[in-house]
1. For segment 81-191, just say rounded, prolate or oblate: build the C-alpha gyration tensor, square-root its eigenvalues into a ≥ b ≥ c, call rounded for a/c under 1.5, and beyond that prolate if a/b exceeds b/c, oblate if not.
2. What is the mean projected area of the alpha carbon convex hull for segment 1-91, to one decimal in square nanometres?
3. Rounded, prolate or oblate: which one fits segment 1-159, using the alpha carbon gyration tensor with axes a ≥ b ≥ c (rounded when a/c is under 1.5, else prolate when a/b beats b/c, else oblate)?
4. Leaving out ligands, DNA and RNA, what percent of the accessible area of segment 19-126 is carbon and sulfur, probe 1.4 Å?
5. Where does each of 335-345, 55-65, 362-372, 281-291 land if you order them by average Cβ count within 10 Å, highest first?
6. Within 15 Å, Cβ to Cβ, of residue 96, how many net charges do the neighbouring residues add up to if Lys/Arg are +1 and Asp/Glu are -1?
7. Nothing charged except the Cβ atoms of Lys and Arg (+1) and of Asp and Glu (-1): what's the magnitude of the dipole of the chain about its Cα centre? Round to the nearest 20 debye.
8. Based on the alpha-carbon gyration tensor of the chain and its eigenvalue square roots a ≥ b ≥ c, which shape applies: rounded if a/c is under 1.5, prolate if not and a/b is larger than b/c, or oblate?
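The values are calculated or read from the model by the stated rules, or taken from the named source; none is laboratory data. Because the structure is predicted, anything quoted here is derived from the model rather than measured. Ideal geometry is used to build each Cβ from the backbone, glycine not excepted, and the neighbour counts take in all protein chains shown. Only protein heavy atoms, including side chains, enter the accessible area calculation; ligands, DNA and RNA are left aside. Shrake-Rupley method; radii C 1.70, N 1.55, O 1.52, S 1.80 Å.
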Amino acid sequence: MALQSSSPAGQLSRARRSVSGYFFINGVAFSSWVARIPDIKERLGLSDGLLGAALLVAAVGTVLGLASVGRYVDQLSADSVSRWASAAVSIGLVGPGLAPNLTVLMASLMFFGLAGGAYNVSMNAQAVAVDRAYGRQIITSFHAAYSVGGLLGSALGSLAVRLDVAPAVSFPVLAGALMAGALACGRGQVRTAAFGQPPAPGGARQRVRRLDGRLMLLGACCFACLLAEGAIADWSGVYLREDVALSAALAPTGYMFFSVAMASGRLVADRLAASIGAKRLVTCSALLASGGLCTGLLSNQGTAAVIGFGVFGAGLACVMPQMFKVAGNLFPHETGRAVAAVATLGYAGLLSGPPLIGLLAHLLGLPTALGLLVLLMLFVALASRIITTWSSKDSRPAERPSG
């Protein structure tokens, strides 16, 4: 229920709940789709190659959505784009479950990807604006809502499989629930433009330029993080099954520990950032991720490797939210474009991670290939020493809310 208050504190609290809801809905929608991919593959009789082609269409759609929506977020407001994008993602979930053939599946996934890309930019732009107005660290709490939604979506997908409920039935039902949630978030929304924008340094309005060095470095860090996330999702089970010799039943626990640790880390990251500072938090988190995974890989032992994946997830938890925050605060009047630029580079890492690890595994072995992730986190730790000095010291927050 929307908070009926016209005070700045009431508006911010309402906006925070609304944006958290958007992140949660996105997490549920995406993970629900991922959980049912094997069922859709089997129902349509797709080979691995044809399924890969369909998933590539979804990825292309997402990149197009990420790359193209930034200017509309700035022109129309992130709030407006989030309204229709959340509805589009909910509707887009129905198509893959009902698709009678590969052609329709690809068209459905293109729409789902476009909507998802637009949704990611708009909700992250909103998150940056609300965090800026709060005057204290809350940015990672939004990403925690996404992670919690992702865990719920995976659980719902697994339950549907266990109950033998076809995607053609479960997806429309879930889409209806997500649509209702999206409408509720829209009603509780407050225009983030009402919070005001911080003055640009020197009084000049900074504009996003192509190949801006700061955004490129932020994007490179997001690239590294999402490459690592995609690699863990696709290869942790293979590593635990084939290189560490865990049973088929236990092999998925590596990714499970990774996901739960990431969600848990995001729940506490804002308090840690307020306590030790964002710069130290990002640096320590990247070093924690690097050290945890390195220790797990070197151990060559099942329990230690699973724990290593969990520590890696905890370390990754807070890095990307801080990158989006810095990007938005560097360009407060063009937050949509800045977030879109960083997110697009980051998503390129998610796409390239699994095949790159696969290629390196073929040449060097999977344990050595996963060692690349250790090096990437060391790069993020070094880059963060520069990036977090660009933070929002010029922002002028509104009245600080009590909640």
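1. prolate
2. Reported value for the Cα convex hull: 7.6 nm².
3. It is prolate, given that a/c is not under 1.5 and a/b is the larger ratio.
4. Carbon plus sulfur share of accessible area: 70 percent.
5. Going from most to least packed, we get 335-345, 281-291, 55-65, 362-372.
6. Local charge sum for residue 96: +1.
7. So the dipole magnitude of the chain works out to roughly 1380 debye.
8. Oblate is the answer for the chain, as a/c is 1.5 or above yet b/c matches or exceeds a/b.
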